[in-house]
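See below for the structure under consideration.
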Amino acid sequence: MSDIETLERDLGAQIEAAGDEAALETIRIATFGKTGSITALLKTLGAMQPDERKVAGPAINGLKDRLGEALARRKAILKDAALDARLAAEAVDISLPVRESAIETGRIHPVTQTIDELTAIFTDMGFAVAEGPDIETDDFNFTKLNFPPGHPAREMHDTFFFNPKPDGERLLLRTHTSPVQVRTMLAQKPPIRVICPGRTYRCDSDQTHTPMFHQVEGLVIDKTANLGQLKWILAEFCKTFFEVPNVKMRFRPSFFPFTEPSMEVDIQCRRQDGEIRFGEGEDWLEILGCGMVHPNVLRNCNVDPDEYQGYAWGMGIDRLAMLKYGISDLRPFFEADVKWLSHYGFRPLDIPSLAGGLSQ
Ligand code: DAH
């Protein structure tokens, strides 16, 4: 068999065996490229005697044409196959329901939602958000808030204490957000207008108490702060938060070491078939504690009580969430149960705002 026939058979077989366009291109370069086998063969024509060239010329050129055609044919077949494979791989069944993206399927926890809602309400009234650590000193959690050492009100807080340090100091998990009042007054000059949402801890557990829970504190310090303003702020808050046009409130005398006078606030509600409605009815529900900041607290925080006065309040965030969203048990709030969360949670892109709606 002549060289040409052998070459044609070998290259023809290679072309047929090429599995994809890239493999075929490698063969094309090895055949027709600068150093390709056919290119080399064509170059031999120049050195041939005319007689020899007359025979070899058409033979080599014929081979060149046939291989060129074979390459083009195979290329077309591979291209079609590649397109078919891609169409099969990217097939879309347009009758299937649209799958929600991760950001759509996730849910915002009711506590986070409630914090976002009350932050929207109070920041609209000109309050800033202040924060403090969960691990507190006895001084900030109690003493500076006018709980003298040994005072019985300390016992009511079911405090989690850490082991004493070598110097005898005992740190604790803050039992309320009120120490953030102290931190704010020590760090800022009045006028002060802050809310302090955050985690708080008490050794307590039943259907409506968990060892970790959330509170929000409010604090206003300026020269003319008074109870009338406090009542207005709380009434506005309740109406906006519970999304009702009117809500009656009842202020009852109470006792907190850090306020004088101190009050507890109940809001009007109707209890019916296990549901609570606000802004109507004859029942009352306690929602917060408040009062005028005690002069001892102001003094302890380097604020002159002869120049400044203030009011403060504290309320349970989890309780607000339970009341607004009809959740009767507090414990699942902290059990990270996805089924519970997808039922009681909120869509992540529905950000609460006064203009756009708090809970939609
Ligand atoms: N710290 C109180 C508690 O945990 C709540 C409270 C009551 C906060 C009255 C206040 C206040 O700021 O004025 O029970």
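Summary table
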{"quantity": "Most mobile of 316, 326, 126 in a GNM of the chain (Cα contacts under 10 Å)", "calculated": "126"}
{"quantity": "Whole-Hz couplings from phi, Karplus 6.51/-1.76/1.60, listed for the stretch 283-290; x for Gly and Pro", "calculated": "8, 10, 9, 6, 10, 6, x, 7"}
{"quantity": "Portion, in percent, of the accessible area of the stretch 2-89 that falls on carbon or sulfur, probe 1.4 Å", "calculated": "59"}
{"quantity": "Modelled FRET efficiency - R0 45 Å, residue 76 with residue 338, Cβ distances, 0.05 increments", "calculated": "0.25"}
{"quantity": "Probe 1.4 Å, all protein chains present, accessible-area order of 176, 151, largest first", "calculated": "151, 176"}
{"quantity": "Heavy-atom accessible surface of the stretch 243-360: percent carbon and sulfur, 1.4 Å", "calculated": "47"}
{"quantity": "GluC sites (Glu not before Pro), loop per DSSP, at most 15 other Cβ atoms within 10 Å - longest free stretch of the chain", "calculated": "1-89"}
{"quantity": "Length released on extending from residue 325 to residue 359, taking residue separation times 0.36 nm less the Cα-Cα span", "calculated": "11.3 nm"}
{"quantity": "Hz values of 3J(HN,Hα) by residue in the stretch 160-175 - Karplus curve (6.51, -1.76, 1.60), Gly and Pro given as x", "calculated": "8, 9, 8, 4, x, 7, x, 7, x, 5, 10, 7, 8, 8, 4, 8"}
{"quantity": "Computed FRET value (nearest 0.05) for residue 69 with residue 100, which takes r as the C-beta separation and R₀ as 51 Å", "calculated": "0.45"}
{"quantity": "Placed amide H near residue 351: partners under 5 Å, 5+ positions off or other chain", "calculated": "none"}
{"quantity": "Accessible-area ranking of 322, 315, largest first, probe 1.4 Å", "calculated": "322, 315"}
{"quantity": "Cα-projected label distance for residue 83 with residue 282, points at 7 Å along beta-carbon direction, nm", "calculated": "8.2"}
{"quantity": "Net charge, residue 86 excluded, C-beta distance under 14 Å - Lys, Arg +1, Asp, Glu -1", "calculated": "-4"}
{"quantity": "Rounded accessible area of residue 39 (nearest 10 Å², 1.4 Å probe)", "calculated": "30"}
{"quantity": "Residues in the stretch 193-230 reached by a label modelled at residue 155 [backbone nitrogen below 17 Å; 7 Å Cα→Cβ]", "calculated": "203"}
{"quantity": "Residue-by-residue Karplus 3J(HN,Hα) for the stretch 30-36, coefficients 6.51, -1.76, 1.60, Hz, glycine and proline x", "calculated": "5, 9, 9, x, 3, 10, x"}
{"quantity": "Quotient of C-alpha Rg and 2.2 N^0.38 Å, computed over the stretch 106-344", "calculated": "1.02"}
{"quantity": "Solvent-accessible area of residue 206 with every protein chain in place, 1.4 Å probe, in Å² to the nearest 10", "calculated": "60"}
{"quantity": "Mean separation of Cα contacts under 8 Å (6+ apart) over length of the chain, as relative contact order %", "calculated": "17"}
{"quantity": "Residues of the stretch 106-344: accessible area per residue with a 1.4 Å probe, Å²", "calculated": "48"}
{"quantity": "With at most 12 neighbouring Cβ atoms within 10 Å, loop trypsin sites (Lys or Arg not before Pro) (DSSP) excluded, longest segment of the chain", "calculated": "224-360"}
{"quantity": "MRE, 222 nm, helices only [DSSP H, n ≥ 4, -39500 (n - 2.57), over the chain, to nearest 500]", "calculated": "-12500 deg cm²/dmol"}
{"quantity": "Restricting the stretch 225-256 to chymotrypsin sites (Phe, Trp or Tyr not before Pro) in coil, as DSSP defines it, with at most 13 other Cβ within 10 Å", "calculated": "255"}
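The values are calculated or read from the model by the stated rules, or taken from the named source; none is laboratory data. On a predicted model such as this, the values are computed, not experimentally measured, just so you know. Note: ideal-geometry Cβ built from the backbone for every residue, glycine included; neighbour counts use all protein chains shown. The protein model used for the area step is the full one, side chains on, heavy atoms only, and it has no ligands, DNA or RNA in it. Shrake-Rupley method; radii C 1.70, N 1.55, O 1.52, S 1.80 Å.
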